[in-house]
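Chemist: First, the structure itself, so that you have it in front of you.
The values are calculated or read from the model by the stated rules, or taken from the named source; none is laboratory data. Note that the structure is a prediction, hence the values are computed from the model and not measured. Neighbour counts run over all protein chains shown; Cβ positions are idealised from the backbone, glycine included. All accessible areas refer to the heavy atoms of the entire protein, side chains included, with ligands and DNA or RNA removed. Shrake-Rupley method; radii C 1.70, N 1.55, O 1.52, S 1.80 Å.
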Amino acid sequence: MEISARNALKGTVKAVEIGAVNTEVTLEIAAGVEITAIITKASAEKLGLSVGKEAYAVVKASDVMVAID
């Protein structure tokens with residue numbers, strides 16, 4: 001995989017929740033560490049995502065905010 005983004009986190013698909021338009025994908029990137037993304041249903045189908053398959057979470061953001069309550 002060649003990509004310009006520097007934040008590519010390799011993980012294993014833990015859950016795939018298919019909706020009418022979008023799909024929620026959860027990757028486990030380390031023991032007990034998960035990241036969830038919403039992608040289009042068409043993209044999920046094109047990637048052939050299924051539980052147990054290896055995938056990457058690619059994060060591209062101009063900033064990250066941290067807050068406390």
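Chemist: Checking the condition at negative phi and either touching a residue at least 12 places away in the same chain (Cβ under 8 Å) or within 12 Å of the chain's Cα centre (by Cα) (or both), which residue from Ala42, Ala20 passes?
Modeler: Ala20
Chemist: Please work out if Met65 is of a type in the set (A, V, I, L, M, F, W, C) and out of contact with any strand residue (DSSP E or B) (no Cβ under 9 Å at 6 or more places or on another chain).
Modeler: It is true that Met65 is of a type in the set (A, V, I, L, M, F, W, C) and out of contact with any strand residue (DSSP E or B) (no Cβ under 9 Å at 6 or more places or on another chain).
Results for (1) open to solvent by 70 Å² or more (accessible area, probe 1.4 Å); (2) assigned to a loop (DSSP other than H, G, I, E, B), shown as yes or no for each residue.
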residue: Met1; (1), (2): yes, yes
residue: Gly11; (1), (2): no, no
residue: Lys14; (1), (2): yes, no
residue: Thr26; (1), (2): no, no
residue: Leu49; (1), (2): no, yes
residue: Gly52; (1), (2): no, yes
residue: Ala57; (1), (2): no, no
residue: Ser62; (1), (2): yes, yes
residue: Val66; (1), (2): yes, yes
